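J.: Please read through the structure below; I'll follow up with questions.
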Amino acid sequence: MAANNEILIIGPPSSGKTTFLAQLYGRLMDKKGKLQLASAPENIDGIKNAYDRLAVGEETEPTASTDNLEVKIPVIYGGQDFVLHCKDYGGEQVRDLVALMEYDKTWIVRAKTNDRWILFIRPSEIEHRFDLSKKGHATKDPKERNATISSTSDQSQFIELVQVLLHARGTGMKNPIDTPRLLIALTCWDELSTDSTPEEILRQKLPLFAHFIAANWLAGGFKIIGVSAQEFPLKTDEARDKYLDEMPQNFGYLVLDDNPKEKDLTRLIEEVLSL
Ligand SMILES: Nc1nc2c(ncn2[C@@H]2O[C@H](COP(=O)(O)OP(=O)(O)OP(=O)(O)O)[C@@H](O)[C@H]2O)c(=O)[nH]1
Ligand SMILES: [Mg+2]
């Protein structure tokens with residue numbers, strides 16, 4: 001089945017959606033990437049705000065849960081013109097999809113009209129799996145994670161999220177899924193300090209989820225990559241100065257199959273379009 005080129009970024013709060021879109025916008029303005037701007041985009045206020053913050057070395061702010069921003073950026077890719085629809089919204093909405101197990105019309109339309117999904121997962125925020133072979137009992141500080149959706153594990157939350165969205169789209173799971181094509185982007189890759197491949201990290205951090213995807217998608221219908229849109233945290237004056245001096249569009253990279261770093265962030269779009 002031919003899939004359309006509409007792309008939806010799905011990600012819980014703080015998974016790096018807005019930072020990535022702001023950095024992508026910077027790359028497009030810079031005109032050095034594989035994906036090129038065709039003409040000036042309209043309505044980019046939300047992304048521009050995040051872009052301007054990065055330009056002065058400030059981190060992006062959490063997107064309000066009520067925000068549903070849709071930006072259309074005309075681009076040229078492989079000699080062809082098409083419009084990149086960027087949707088940014090508060091990740092709280094994604095958290096609610098799983099917590100309440102219900103979705104509104106906005107999400108039905110999003111799930112149905114976008115044939116290419118990018119799922120943002122920030123591995124450094126995944127709760128460590130409890131390994132019974134290493135400890136006799138689990139000790140867990142209840143204050144440690146106030147960001148959890150419920151008492152269920154991160155793994156089942158991501159599985160449920162994908163199931164809810166497939167349900168909203170009306171895609172059954174009896175046969176291997178071809179569309180939506182799924183790009184799993186492991187974000188804030190710099191926080192991992194690892195030489196492992198994105199696939200290895202997914203299997204290490206979320207083995208059940210990795211298995212769920214491999215079992216339900218057609219091979220070739222999904223892919224796993226690493227993304228560091230910002231390259232390092234902007235928590236110190238030194239880090240902020242570096243951003244100010246060297247410009248945000250010079251930071252950020254992707255990690256493709258065997259963990260080489262790819263500086264052209266626009267290639268993430270190429271990866272999802274080529275699925
Ligand atoms: N170290 C590091 N931090 C990052 C990176 N990308 C984003 N961050 C930080 O992660 C936090 C969340 O980033 P956002 O882009 O606002 O995340 P979001 O998914 O838009 O969050 P919501 O709007 O709440 O849904 C911010 O403090 C960013 O500075 C990265 O590549 N590396
Ligand atoms: Mg945001």
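The values are calculated or read from the model by the stated rules, or taken from the named source; none is laboratory data. Please read these numbers as outputs of a predicted model, since none were measured by experiment. A quick note on method: Cβ atoms are made from the backbone with ideal geometry, for glycine too, and the neighbour counts reach across all protein chains shown.
J.: So which helices (runs of 4 or more DSSP H) are wholly in region 199-273 and hold at least 1 residues that are within 11 Å of ligand 1 (Cβ to nearest atom) and farther than 18 Å from Arg27 by Cβ?
T.: It comes to 237-246.
J.: Looking for something more than 24 Å from Phe158 (Cβ to Cβ) and within 16 Å of ligand 2 (Cβ to nearest atom) - is there at least one such residue anywhere in region 27-40?
T.: Taking every residue of region 27-40 in turn, none turns out to be more than 24 Å from Phe158 (Cβ to Cβ) and within 16 Å of ligand 2 (Cβ to nearest atom).
J.: Then there's this: If the requirement is being in a loop (DSSP other than H, G, I, E, B), at negative phi and in contact (Cβ under 8 Å) with a residue 40 or more places away in the chain, which of these qualifies: Gly57, Gly33?
T.: Result of the check over Gly57, Gly33: Gly33.
J.: Right, next: For Val75, are the conditions met, namely being part of a strand (DSSP E or B), among the hydrophobic types (A, V, I, L, M, F, W, C) and within 16 Å of ligand 2 (Cβ to nearest atom)?
T.: Answer is no for this residue.
J.: While we're looking at this one, here's another question. Please go through region 78-92 and give me each residue that is within 16 Å of ligand 2 (Cβ to nearest atom) and not small (Gly, Ala, Ser), ordered by number.
T.: Cys86, Lys87, Asp88, Tyr89, Glu92
J.: Kindly indicate whether Ile201 is among the aliphatic types (A, V, I, L, M), buried (at least 19 other Cβ atoms within 10 Å of the Cβ) and closer than 24 Å to Cys86 by Cβ.
T.: In short, no.
J.: Moving on. Only one of Glu42, Glu61, Glu92 is loosely packed, with under 15 Cβ neighbours inside 10 Å and near ligand 1 (Cβ under 8 Å from one of its atoms); which?
T.: Glu61
J.: Can you tell me which residues in region 93-114 are more than 23 Å from Tyr25 (Cβ to Cβ) and in contact with a Pro (Cβ under 9 Å, 6 or more places away or on another chain)?
T.: If the condition is that a residue be more than 23 Å from Tyr25 (Cβ to Cβ) and in contact with a Pro (Cβ under 9 Å, 6 or more places away or on another chain), then Arg95, Val98, Ala111 are the ones that fit.
J.: Let me ask something else. Would region 47-70 turn up any residue that is at pLDDT 85 or above, of a type in the set (Lys, Arg) and over 29 Å from Asp154 (Cβ atoms)?
T.: yes
J.: In addition: When the residues of region 194-217 are narrowed to those that are polar (S, T, N, Q) and out of contact with any helix residue (DSSP H, G or I) (no Cβ under 8 Å at 6 or more places or on another chain), which ends up modelled with the highest pLDDT?
T.: Asn216
J.: For Arg27, all conditions in the list (1) surrounded by 19 or more Cβ atoms within 10 Å (Cβ to Cβ); (2) touching a strand residue (DSSP E or B) at 6+ places or on another chain (Cβ under 7 Å); (3) closer than 17 Å to Tyr253 by Cα hold save one; what is the number of the exception?
T.: Looking at each condition in turn, Arg27 falls short on (2).
J.: Related question: Quick one: is Asp195 assigned to a helix (DSSP H, G or I) and either more than 22 Å from Asp258 (Cβ to Cβ) or away from ligand 2 (no atom under 16 Å from the Cβ) (or both)?
T.: no
Listed here are the residues, each with its yes/no results for (1) touching a strand residue (DSSP E or B) at 6+ places or on another chain (Cβ under 6 Å); (2) not acidic (Asp, Glu).
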residue: Ala55; (1), (2): no, yes
residue: Thr60; (1), (2): no, yes
residue: Ala64; (1), (2): no, yes
residue: Ile73; (1), (2): yes, yes
residue: Ile76; (1), (2): yes, yes
residue: Gly91; (1), (2): no, yes
residue: Asp104; (1), (2): no, no
residue: Lys112; (1), (2): no, yes
residue: Trp117; (1), (2): yes, yes
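J.: Between a first residue in region 205-221 that is of a type in the set (S, T, N, Q) and a second residue that is at pLDDT below 95, which pairs have beta carbons less than 6 Å apart while being 6 or more apart in sequence or on different chains?
T.: Asn216/Met173
J.: Looking at this structure, is Lys72 closer than 23 Å to Asn114 by Cβ, basic (Lys, Arg) and away from ligand 1 (no atom under 16 Å from the Cβ)?
T.: yes
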